[in-house]
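Written out below as structure tokens is the structure these notes cover.
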2 protein chains.
Amino acid sequence: MTADDATDSTDSADGTDGVCRPPAEAPASPPPPRPTAQRVRDTRELLDREIDCWVATADPATGAPHLVPLSFDWDGTSLLLATGERSIAGRGLASGAGVRIGLGATRDVVMVDGLVEAVPTAVLDPAEADRFAQRTGFDPRETSGSYLFFRVVPSRIQAWREENELRGRDVMLEGRWITTTD
Amino acid sequence: MTADDATDSTDSADGTDGVCRPPAEAPASPPPPRPTAQRVRDTRELLDREIDCWVATADPATGAPHLVPLSFDWDGTSLLLATGERSIAGRGLASGAGVRIGLGATRDVVMVDGLVEAVPTAVLDPAEADRFAQRTGFDPRETSGSYLFFRVVPSRIQAWREENELRGRDVMLEGRWITTTD
């Protein structure tokens, strides 16, 4: 890591150290960093393809961090999640404290910060619920428990593989895909 | 999901819905649930083998959830992490709000809740720092930034694959591996 990285104005407040390092067995030189346009394409493909994600919330009762894998659907604009309304994840998603979602592998991550809207099962467009069930193999409408859907509209998305991709890892800011040519 | 699952006394407060569902293409019946002893073995093997984990913290400035992949070492008792002391993850780890860590795949997860101790780089036993560097390929002592090590002592560990493993997913409680025979 260079000092340049640490002061790169495109870096978020978490600095440049939130990254997994290559294991000792890995090649000394990772591939060159992908240009932004490629990262945007890879990110959208991952959102289209992936079924599960890591959902980090804050427990509104204690402020403690929570994390759980959940299935999701992606309609090109928002992620749709479902979980029990009384679960820690459900209460955290409903709390207004926001959510941070990780997709993909630890050395090829997509991180999503987003705004959350709770959508009661009975209110969701049945076509959307059908699509969720088709993709995830799980239909929250058929459960006996009290499930809620949650729509997550990304405000920022980041994508990086190894340390050399920390610079320029923002692929969406303020809800807009970055279209700047590298 | 059965009502029994939802009221299983071994379930944590997050209920039984914090789980990824099998995709529609998956076999209708997952393998039978592993007995606790097998889950403990699998969990310890994963902690020995894995290099990266998903680290969820709460941003002490805002209470917002944070999530980032970080490399770790495991000495059989605690996880050792390292990140910038001024990063969101670093400040969250130092805040006393706790940490929740996910390892493995979303359909074969190990979830660790733990207590965190910040360990300044200069204070950590050099042998431990060497081991961290060997395992992760990254030596925080060699960086120009202000890195801290963080020792995470697990208080609770859970392990599950699919929905049929939610029951009995605790493999450690109050810092002790569960030894009950199934």
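The one condition from (1) open to solvent by 10 Å² or more (accessible area, probe 1.4 Å); (2) farther than 27 Å from A:Ile51 by Cα; (3) among the β-branched types (Val, Ile, Thr) that B:Thr136 does not meet is (1).
Only a single criterion out of (1) among the hydroxyl-bearing types (Ser, Thr, Tyr); (2) under 30 Å from B:Gly137 (Cα atoms); (3) crowded, with 22+ Cβ neighbours inside 10 Å is not satisfied by A:Thr106, namely (3). Of the residues making up segment B:92-116, those that are closer than 12 Å to B:Val68 by Cβ and of a type outside the set (Val, Ile, Thr) number 3.
Tell me whether segment B:110-122 contains one or more residues that are at the interface with chain A (Cβ under 10 Å from one of its Cβ atoms) and either on the phi > 0 side of the Ramachandran plot or part of a loop (DSSP other than H, G, I, E, B) (or both). Within segment B:110-122, none of the residues are at the interface with chain A (Cβ under 10 Å from one of its Cβ atoms) and either on the phi > 0 side of the Ramachandran plot or part of a loop (DSSP other than H, G, I, E, B) (or both).
So in segment B:32-51, with the set limited to residues that are within 14 Å of the chain's Cα centre (by Cα) and of a type in the set (Lys, Arg), which one is surrounded by the fewest Cβ atoms within 10 Å (Cβ to Cβ)? Here the answer is B:Arg49. Can you say whether A:Thr143 is out of contact with any helix residue (DSSP H, G or I) (no Cβ under 8 Å at 6 or more places or on another chain) and more than 26 Å from B:Ala89 (Cβ to Cβ), as far as the supplied structure shows? Answer is yes for this residue. Only one of the numbered conditions (1) modelled with pLDDT of 95 or more; (2) open to solvent by less than 10 Å² (accessible area, probe 1.4 Å) is violated by A:Ala127, and that is (2).
Listed conditions (1) surrounded by 15 or more Cβ atoms within 10 Å (Cβ to Cβ); (2) part of a strand (DSSP E or B) are all met by B:Gly145, apart from (2).
Strands (runs of 3 or more DSSP E) fully within segment A:47-88 that include at least 2 residues being closer than 19 Å to A:Asp130 by Cβ and not charged (D, E, K, R): A:65-71, A:79-84.
Looking only at segment A:68-116, how many residues end up being more than 21 Å from A:Trp177 (Cα to Cα) and free of Cβ contacts under 8 Å to residues at least 40 places away in the same chain?
Step one: list which residues in segment A:68-116 are more than 21 Å from A:Trp177 (Cα to Cα), which gives A:68-71, A:81-97, A:105-107.
Still in the running and free of Cβ contacts under 8 Å to residues at least 40 places away in the same chain: A:68-70, A:87-89, A:91-92, A:95-96, A:105.
The qualifying residues number 11.
May I ask you to verify whether B:Trp54 is open to solvent by less than 20 Å² (accessible area, probe 1.4 Å) and farther than 16 Å from A:Val109 by Cβ? So B:Trp54 does not fit the description; no.
Every residue, every condition in (1) in contact with a strand residue (DSSP E or B) (Cβ under 8 Å, 6 or more places away or on another chain); (2) more than 18 Å from B:Ala58 (Cβ to Cβ); (3) more than 7 Å from chain B (Cβ to nearest Cβ), yes or no:
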residue	(1), (2), (3)
A:Ile88	yes, no, no
A:Gly102	yes, no, no
A:Thr106	yes, yes, no
A:Pro126	no, yes, yes
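From the list A:Ala64, A:Ala89, the lone residue that is under 23 Å from B:Arg156 (Cβ atoms) and open to solvent by less than 10 Å² (accessible area, probe 1.4 Å) is A:Ala89.
Between A:Arg151, A:Arg135, the distinction of being touching an Asp or Glu at 6+ places or on another chain (Cβ under 9 Å), assigned to a strand (DSSP E or B) and closer than 13 Å to A:Ala82 by Cβ belongs to A:Arg151 only. Please indicate, with yes or no, whether at least one residue in segment B:164-176 is among the β-branched types (Val, Ile, Thr) and in a loop (DSSP other than H, G, I, E, B). No, that holds for no residue.
The values are calculated or read from the model by the stated rules, or taken from the named source; none is laboratory data. Bear in mind that the values here come from a model prediction, so they are computed numbers and not experimental data. FYI the Cβ positions are ideal-geometry reconstructions off the backbone, even for glycines, and counts take in every protein chain you see. Please note that ligands, DNA and RNA were not included when accessible areas were found on the heavy atoms of the full protein model with its side chains. Shrake-Rupley method; radii C 1.70, N 1.55, O 1.52, S 1.80 Å.
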